[in-house]
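K.L.:
Let me give you the structure first, and then I'll get to my questions.
The values are calculated or read from the model by the stated rules, or taken from the named source; none is laboratory data. Just so you know, these numbers come straight off a predicted model, no measurement behind them. Methodologically, a virtual Cβ is constructed for each residue, glycine included, from the backbone with ideal geometry; neighbour enumeration extends over all protein chains shown.
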Amino acid sequence: MRTDPAFRLGPGMQRVIRLGLLTALLLTVAAFCLGPVLWQAITSLKPNSALVRLPPVFPESPTLDHYRAVFTKSALGHDMLNSLIVAMTSTALAIGLGSLCAFTLARLPLPGKHLVLGLFLGISMFPPIATISSIYLLIRAFGLRDTLLALILIHTTYALPLAVWVLTSFFRQVPLELYWAARVDGCSPLRALISVILPPAVPGVAVAALLVFIYSWNEFMFALTLTATERARTAPVAIALFPGLHEVPWGDMAAATLVVTAPVILLALLFQRQIVAGLTAGSVKG
Amino acid sequence: MANASRPSPFPPQSGLARPRVKLTEQVWAPVLASPALLLIMLFALGPIVGTFWLAFHRHLPIFQVYEFIGLRNFSRLLTDERFWSACGTTFYFTVVSVALELLLGLIIALLLHGPLSGQHRSASTMQTDAGGRMREWRVKDWIGVVILLPWIVPTVVSARIWEWLYHPEYGLLNYFLVKVGLVQEPINWLGDPISALHGAILMDVWKATPFVAILLLAALRAIPQDLYLAARVDGAGPWATFRQVTLPLLLPVILIVLTFRTMDAFRVFDAVYVLTGGGPGNSTETLSIYAYKTLFQMLQFGYGSALACAMFGLISLVTAAYLLLLRRQLQA
């Protein structure tokens, strides 16, 4: 930027100022979004003695003790495995059953179709607290309390509206001629769905699967209510009930929260576009 | 909703749509849709009806009490000060956090859209070298991931993160505020009713602003570039362009985002439950938390269900209002 001010002050300077301002604003936004999570990461690397004094913001002698403690002293590893089983099974079920339903809504004649879509939208909006008392009694009556199956059933149900909405909009983009060509060739509707409709809609299926997985991995109220012991406890519940005798062990807690968040951060890094597409699918296009 | 206007997906009078084929479709449709609908009936619609049913009963599971008491739970609501205080807290939390999220989200969306996409640039700088553009793309991608982060972090985790930031002795927030000189001595953020509620709001703003920004950014990108060009030809400045072009076209999406965010903020549970547990006192107790505590700590299933029903009613009213607004907007 060694320009003679007498020549270039006008547009050149303006551009520099604008770029500087823009960079500063973007950095502020990034700091606001990242800061709290970064602070948690810094905390997780500090030994206990360094947690109770602040002037050194960055750890002078970083340690992995908290991560070791989280996996050896607490059941977090087991709880994360529970979370993984629940989230993966719920995703598979919601996508499987959701595809069948979305295909029907997109391509087959069903009376009251718009009613069904409206119903799904309504269900995705009503507060979980409005169903929790009955669900608790129902799950207890089925003898499913404190089982992974209970969580899988509930998470699948509450992820279905989302999955069906996203999938229906993607299935509608697959040309109708493809479907009828398969039918004329002698495929049953189900066979046509699997071999003709699904393949071109794979990006949409991935979007729906990501959103369902993230929902199930993060879900808290049902997981808290329907589990009682380590047997079926999921990771978010473990974070909420993190053991601490008198004072919360902040270093261990920081390590635990990061470990639980790591899978979804990984998904965000790998599939940022798909997740954003899923978030915007319903509201902007619809 | 908007799909309602779509024509029937069934093929027009093409030679392929023979009656026999259509008949097969009519048999398959309910079969394929039924597993999903069955789950919805069993675990979503059924329980809603069940909750309303429970609300007319006195049900204390541990004492085996289960009796019909008509509307007495609802008349108890009217005189329950804790219910009204929870209503106030919920409304305040919703209005303040959604307003802030919309404002900040709009600013971030405009920031990410305008300067980075090149539409506000003069024609000459729009043809920058390929290298310059490449770099801009990369910045945009990174910002995209960074912005997604707060939204994607489990709510329970974000509550724990902020609890630590707000820590009276070792929290980063107090450290900064004291260092900068804004406050003389550390504040016990979560120990005071007013600051605890605003602390919860700040956490919600942190978490949900990205969602708003992402949706508004997508809407901004859907606005045809010719409109901006036309505005520039007409000599409109940036502010006039925003008022006359951007805002009107953004309004439907803003309303949809407002609806989503209001529903979410109104039913807030995990974030506040883990951050403050509803305290200090009951100062941050929202309707969801009060209903939850009544159900699973006091084990009053009848009254707890009545609280949940009241909340369901309130949320339906708010949604209906938004839908009316949205419809009027779409018709205009």
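K.L.:
Does B:V245 count as within 14 Å of another protein chain (Cβ to nearest Cβ) and surrounded by 15 or more Cβ atoms within 10 Å (Cβ to Cβ)?
P.N.:
Judged against the criteria, B:V245 is not a match.
K.L.:
Moving on. If A:I85 satisfies every condition in (1) in contact with a His (Cβ under 8 Å, 6 or more places away or on another chain); (2) closer than 25 Å to A:Y215 by Cβ but one, which is the exception?
P.N.:
Condition (1) is where A:I85 drops out.
K.L.:
Further question on the same structure: Those residues that are away from chain B (no Cβ under 13 Å), loosely packed, with under 11 Cβ neighbours inside 10 Å and hydroxyl-bearing (S, T, Y), I need them from the range A:36-79; list them, please.
P.N.:
Matches in the range A:36-79: A:S61, A:T72.
K.L.:
Starting from the range A:107-118, take each residue that is more than 9 Å from chain B (Cβ to nearest Cβ) and list its partners that are surrounded by fewer than 19 Cβ atoms within 10 Å (Cβ to Cβ), counting only C-beta distances under 8 angstrom and pairs at least six apart or across chains.
P.N.:
Correct list of pairs: empty, since none qualify.
K.L.:
Something else about it: Would you mind stating whether B:T262 is more than 12 Å from chain A (Cβ to nearest Cβ), touching a residue at least 40 places away in the same chain (Cβ under 8 Å) and not aliphatic (A, V, I, L, M)?
P.N.:
Here the answer is no, as B:T262 does not meet what is asked.
K.L.:
Say we look at the range A:106-139 and pick out the residues that are surrounded by 24 or more Cβ atoms within 10 Å (Cβ to Cβ) and of a type in the set (S, T, Y); which of these is farthest from A:Y158 (Cα to Cα)?
P.N.:
A:S133
K.L.:
Here's a follow-up. Considering each residue of the range B:203-221, count those that are aromatic (F, W, Y) and within 10 Å of the chain's Cα centre (by Cα), and give that number.
P.N.:
The number of residues fulfilling the criteria is 1.
Rundown of residues vs (1) within 30 Å of B:L255 (Cβ to Cβ); (2) more than 13 Å from every other protein chain (Cβ to nearest Cβ); (3) modelled with pLDDT of 90 or more, yes/no style:
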residue: B:L71; (1), (2), (3): no, yes, no
residue: B:C87; (1), (2), (3): yes, yes, yes
residue: B:I107; (1), (2), (3): yes, no, yes
residue: B:Q127; (1), (2), (3): no, yes, no
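K.L.:
Next question. Kindly check whether there is at least one residue in the range A:189-208 that is of a type in the set (K, R) and crowded, with 18+ Cβ neighbours inside 10 Å.
P.N.:
No, every residue in the range A:189-208 fails to be of a type in the set (K, R) and crowded, with 18+ Cβ neighbours inside 10 Å.
K.L.:
When you look at A:I129, is it in contact (Cβ under 8 Å) with a residue 24 or more places away in the chain and either more than 25 Å from B:G304 (Cα to Cα) or more than 19 Å from the chain's Cα centre (by Cα) (or both), yes or no?
P.N.:
Yes, satisfied.
K.L.:
Would you mention how many residues in the range A:174-188 are at the interface with chain B (Cβ under 8 Å from one of its Cβ atoms), part of a helix (DSSP H, G or I), free of Cβ contacts under 8 Å to residues at least 60 places away in the same chain and closer than 17 Å to A:P109 by Cα?
P.N.:
Count: 2.
K.L.:
Still on this structure, I have one more. Within the range B:235-274, how many residues turn out to be farther than 21 Å from B:A213 by Cβ, in a loop (DSSP other than H, G, I, E, B) and modelled with pLDDT of 85 or more?
P.N.:
Looking only at that region, the number is 2.
K.L.:
OK, next. Please go through the range A:228-249 and give me each residue that is buried (at least 22 other Cβ atoms within 10 Å of the Cβ) and away from chain B (no Cβ under 12 Å), ordered by number.
P.N.:
A:A232, A:R233, listed by residue number.
K.L.:
Considering B:L330, B:L275, B:L299, which residue is more than 21 Å from B:R72 (Cα to Cα) and surrounded by fewer than 16 Cβ atoms within 10 Å (Cβ to Cβ)?
P.N.:
On the way: B:L275 fails: surrounded by fewer than 16 Cβ atoms within 10 Å (Cβ to Cβ); B:L299 fails: more than 21 Å from B:R72 (Cα to Cα).
After ruling out the rest, the residue left standing is B:L330.
K.L.:
When both residues are 6+ apart or on different chains and their Cβ atoms are under 6 Å apart, which pairs have a first residue that lies in the range B:143-161 and is facing another protein chain (nearest Cβ under 7 Å), and a second that is aromatic (F, W, Y)?
P.N.:
Short answer, once both residue conditions are applied: B:P150/B:W206; B:V156/A:F220.
K.L.:
From the list B:L251, B:L275, B:L287, pick out the single residue that is within 25 Å of B:I107 (Cα to Cα), within 24 Å of the chain's Cα centre (by Cα) and among the hydrophobic types (A, V, I, L, M, F, W, C).
P.N.:
Result: B:L251 is the single residue among B:L251, B:L275, B:L287 that is within 25 Å of B:I107 (Cα to Cα), within 24 Å of the chain's Cα centre (by Cα) and among the hydrophobic types (A, V, I, L, M, F, W, C).
K.L.:
Out of the residues in the range B:77-101 that are more than 15 Å from the chain's Cα centre (by Cα) and of a type in the set (V, I, T), state the one that is farthest from B:L197 (Cα to Cα).
P.N.:
So, considering only residues that are more than 15 Å from the chain's Cα centre (by Cα) and of a type in the set (V, I, T), the one farthest from B:L197 (Cα to Cα) is B:T79.
K.L.:
In the range A:189-235, what residues are part of a helix (DSSP H, G or I), under 28 Å from B:L295 (Cβ atoms) and of a type in the set (A, V, I, L, M)?
P.N.:
A:V212, A:I214, A:M221, A:A223, A:L224, A:L226, A:A235
K.L.:
Separate question: When you go through (1) touching a Cys at 6+ places or on another chain (Cβ under 9 Å); (2) away from chain A (no Cβ under 13 Å); (3) without any contact (Cβ under 8 Å) to a residue 24 or more places away in the chain one by one for B:P35, which number turns out not to apply?
P.N.:
Result: B:P35 passes all but (2).
K.L.:
Going through A:S83, A:S90 one at a time, which residue ends up being among the hydroxyl-bearing types (S, T, Y), at pLDDT 95 or above and closer than 17 Å to B:I40 by Cβ?
P.N.:
None of the others qualify; the one that does is A:S90.
K.L.:
Is it true that some residue in the range B:45-64 is surrounded by 20 or more Cβ atoms within 10 Å (Cβ to Cβ), among the polar types (S, T, N, Q) and under 28 Å from B:R261 (Cα atoms)?
P.N.:
Checking the range B:45-64: at least one residue is surrounded by 20 or more Cβ atoms within 10 Å (Cβ to Cβ), among the polar types (S, T, N, Q) and under 28 Å from B:R261 (Cα atoms).
K.L.:
If you don't mind, another one. Just to be sure before I move on: is B:R327 over 17 Å from the mean Cα position of the chain (by Cα) and of a type in the set (K, R) in the structure I sent?
P.N.:
yes
K.L.:
Let me ask something else. Select from the range B:50-66 the residues that are not aliphatic (A, V, I, L, M) and not in a helix (DSSP H, G or I) and list them in ascending order.
P.N.:
B:F56, B:H57, B:R58, B:H59, B:Q64, B:Y66
K.L.:
Quick check on my filter: what residues within the range A:29-68 are within 13 Å of A:M253 (Cβ to Cβ), in contact with a Leu (Cβ under 7 Å, 6 or more places away or on another chain) and among the aliphatic types (A, V, I, L, M)?
P.N.:
A:A41
K.L.:
For B:N282, all conditions in the list (1) surrounded by fewer than 21 Cβ atoms within 10 Å (Cβ to Cβ); (2) within 11 Å of chain A (Cβ to nearest Cβ) hold save one; what is the number of the exception?
P.N.:
Unmet for B:N282, out of (1) surrounded by fewer than 21 Cβ atoms within 10 Å (Cβ to Cβ); (2) within 11 Å of chain A (Cβ to nearest Cβ): (2).
K.L.:
Going residue by residue through the range B:291-301, is there one that turns out to be facing another protein chain (nearest Cβ under 9 Å), in contact with a strand residue (DSSP E or B) (Cβ under 6 Å, 6 or more places away or on another chain), on the phi < 0 side of the Ramachandran plot and part of a helix (DSSP H, G or I)?
P.N.:
Yes, because at least one residue in the range B:291-301 is facing another protein chain (nearest Cβ under 9 Å), in contact with a strand residue (DSSP E or B) (Cβ under 6 Å, 6 or more places away or on another chain), on the phi < 0 side of the Ramachandran plot and part of a helix (DSSP H, G or I).
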